[in-house]
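The values are calculated or read from the model by the stated rules, or taken from the named source; none is laboratory data. None of these values were measured; they are calculated from a predicted model. Positions of Cβ are generated from backbone atoms using ideal geometry, with glycine treated the same way; all protein chains shown enter the neighbour counts.
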Amino acid sequence: MTQFRETLRAAGVQEVDGAEEDWDFGVADELISTTVDCSDYAARQYAALEAHVSQGDGNFFTRLGVDLFSKLMSREMFVRAFDRTGAPTPEDDFFAGLRP
């Protein structure tokens, strides 16, 4: 979240509607087991969000524009909640440890 905020500030976005100074959400970095590169799909994600009627003009993310949105959303992080594979972390593949 720190990097997210720094990227917004560097782009001149100072205020996030409804966010307090101390963003108390997300998980600690050490709990993130998987990071997936989504950069090839970020513009498509933006277009889908923008096209969704209920998101409209008031959506924080659509107000950022496609370039900044793509920069912020180029990676998605996940926490491995349960594991039967024993595959090492961190990983960049949801199927790590499942392929023969």
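Quick notes on this one:
- Test result for residue 28, among the aliphatic types (A, V, I, L, M), closer than 30 Å to residue 81 by Cβ and modelled with pLDDT of 70 or more: yes
- Matching residues, the range 51-73, being modelled with pLDDT of 85 or more and either in a loop (DSSP other than H, G, I, E, B) or touching a Pro at 6+ places or on another chain (Cβ under 8 Å) (or both): 64, 65, 73
- Among the residues making up the range 16-25, none is at pLDDT 65 or above and in contact with a helix residue (DSSP H, G or I) (Cβ under 9 Å, 6 or more places away or on another chain).
- Residue check, residue 51 farther than 22 Å from residue 5 by Cα and either aliphatic (A, V, I, L, M) or under 13 Å from the mean Cα position of the chain (by Cα) (or both): yes
- Lone qualifier among 42, 81, 47 - being modelled with pLDDT of 85 or more and part of a loop (DSSP other than H, G, I, E, B): 81
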